[in-house]
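The values are calculated or read from the model by the stated rules, or taken from the named source; none is laboratory data. Everything numeric in this text was worked out from a predicted model, so none of it was measured. FYI the Cβ positions are ideal-geometry reconstructions off the backbone, even for glycines, and counts take in every protein chain you see.
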Amino acid sequence: MRRVLFLAYDFPPIASPAAQRARHFVRYLPVHGWQPVVVTPRAGASWAYDPAGLADLPAELELCRTPTAEPGRALRRLRSDTGTARADGDGDPSPLGRRLREWLLVPDSQAGWIPFAATRALKQARTVEVVLTTSPGSAHLAGALASRATRTPWVADFQDPWSTPAFQQWQGRWRPWIDKRLERAVVCRADRLVATTEWLAEHLASVGARQPPAVVANGYEPAEQPQASGSDEHFTLLHAGSFYGPRSPEPLLAAVAAALEAEPAMRACVRVRLLGLQDARNTARLAGSIRRLGLEQVVEQAGQVPRREALTAMRAAAVLTLVADPLEGGRGLIPLKLYEYLAAGRPLLALTPPDGEAGRLAQAAGGTVVHPSNVAAAASAVRRLYRGWQAGESGGHAPAELVERYRWDKLTAKLAHILDDTAARRRP
């Protein structure tokens, strides 16, 4: 069996979407003749952990956990001690946070892992056929060093853009300049590029990819889907996923409040359930919005729950909701939760630009798509979905062929084909 060196900062027990992508690639690559050798930090900085993600990893997996330095943790402690900024992670617009991020966290908050990852990768790269790296940028830089030193072919998997202005909102003057050059160095050096959406693939191609990037989307795992569950007594609009930085549930809450104002009788039945964590800014802002909109008895903030519980809650919800990232680049990405929503088979309300990547997929799945700024249209959609729920309409079933397309085993088969092709062109 051929070996692939896989550098992934996010990996179980971390419970992030990036960790789910890495986890399922590792599970299914051996089926296609590739044995992963995973390099990941021992204790990366993450909001959420779920040990259940370790349970189904292959027994023969070679897992190399390295030390890591986390400047972001020290920065958060400093911000907390000085009282000059929020202790909410990377998206900090304060002068102190902006300056320290600009100078210390290059290319991202995981920069302290680069020397440890590169050192371990250099030891392993001569024993593998291909180096595979996945976002963030720090993993790509560590993989680039190992690939170049050992002349091992390299596949770079991009889950997010690197240098687009929308993803640099708190950076200083010189960071866009250096980020563009780092991104270009990775894009031009990698033997193959993989992107999660068509928009991201087009962006990477415009940066200077050697050949057109391949698209390997995120997906869902059929074996994880719980048995069909009856809905509860309430009309529950569920959002599964964290809110941080500019991402906020406010468009959803505004739509629900407007719907309740138009039809007060709905209030006894309507509930909004939010699964996932929030940063400090969103926590404070959300509390104020709930009070202002009079939704104290409507909104439930459940916080982080185990993955299996979240999947079960999706099956029981009356409506699954998606709230778009308001940044310009957000329209080019598709949250992993949307694929799991499709598998859950429940009605979908997506507050996202209809012409964006997530909007197009939601429409193809038969969901209701409304721009997040159009509160009146979103409120009308909530009322229509409520009436359907009252009438006992199930709805929400995306075309089977569309859902099948995003199974992790099928997606990993595409990645394995890319690895096959890359290994066949090994550098002399």
Requested in this report: Identify all residues within region 209-249 that are more than 19 Å from the chain's Cα centre (by Cα), hydrophobic (A, V, I, L, M, F, W, C) and over 22 Å from Tyr49 (Cα atoms); write none if there are none.
Outcome: Ala209, Ala228, Phe235, Leu237
Report task. Could you please tell me which pairs satisfy a Cβ distance under 7 Å, a separation of 6+ or placement on different chains, a first residue in region 96-118 that is not assigned by TED's automatic domain parsing to the domain that holds Ala146 and at pLDDT below 75, and a second residue that is among the basic types (Lys, Arg) and assigned to a helix (DSSP H, G or I)? Result -> Leu96/Arg79; Gly97/Arg79; Glu102/Arg175
Query raised in the report: Residues that are modelled with pLDDT of 95 or more, surrounded by 18 or more Cβ atoms within 10 Å (Cβ to Cβ) and assigned by TED's automatic domain parsing to the domain that holds Trp389: which strands (runs of 3 or more DSSP E) entirely in region 134-242 hold 2 or more of them?
Result: 235-240
**Report entry** Every pair of residues 6+ apart whose Cβ atoms lie under 9 Å, when the first sits in region 339-363 and is in contact (Cβ under 8 Å) with a residue 40 or more places away in the chain and closer than 17 Å to Arg407 by Cα while the second is among the charged types (D, E, K, R) and surrounded by fewer than 21 Cβ atoms within 10 Å (Cβ to Cβ)
**Finding:** Glu340/Glu221; Glu340/Glu224; Ala343/Glu221; Ala343/Glu224; Ala343/Arg407; Ala344/Arg315; Gly345/Arg315
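Any residue in region 295-316 that is in contact with a His (Cβ under 6 Å, 6 or more places away or on another chain), touching a residue at least 24 places away in the same chain (Cβ under 8 Å) and either outside any loop (DSSP other than H, G, I, E, B) or among the hydroxyl-bearing types (Ser, Thr, Tyr) (or both)? Let's see the steps before the verdict.
Within region 295-316, the first condition is being in contact with a His (Cβ under 6 Å, 6 or more places away or on another chain), and the residues that meet it are none.
No, there is no match, as no residue in region 295-316 is in contact with a His (Cβ under 6 Å, 6 or more places away or on another chain), touching a residue at least 24 places away in the same chain (Cβ under 8 Å) and either outside any loop (DSSP other than H, G, I, E, B) or among the hydroxyl-bearing types (Ser, Thr, Tyr) (or both).
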Query raised in the report: Taking interchain pairs and intrachain pairs at least six residues apart, which have beta carbon atoms under 8 angstrom, with the first residue in region 282-294 and at positive phi and the second small (Gly, Ala, Ser) and surrounded by 16 or more Cβ atoms within 10 Å (Cβ to Cβ)?
Result: Gly294/Ala257
Report task. For region 15-26, indicate whether the set of residues that are in a loop (DSSP other than H, G, I, E, B), at pLDDT 75 or above and either surrounded by fewer than 21 Cβ atoms within 10 Å (Cβ to Cβ) or on the phi < 0 side of the Ramachandran plot (or both) is non-empty. Result -> yes
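Scan region 282-295 and tell me whether some residue there is of a type in the set (Lys, Arg) and surrounded by 20 or more Cβ atoms within 10 Å (Cβ to Cβ).
Here is the first cut: in region 282-295, the ones of a type in the set (Lys, Arg) are 285, 291-292.
Cutting the leftovers down to surrounded by 20 or more Cβ atoms within 10 Å (Cβ to Cβ) gives us none.
No: region 282-295 contains no residue that is of a type in the set (Lys, Arg) and surrounded by 20 or more Cβ atoms within 10 Å (Cβ to Cβ).
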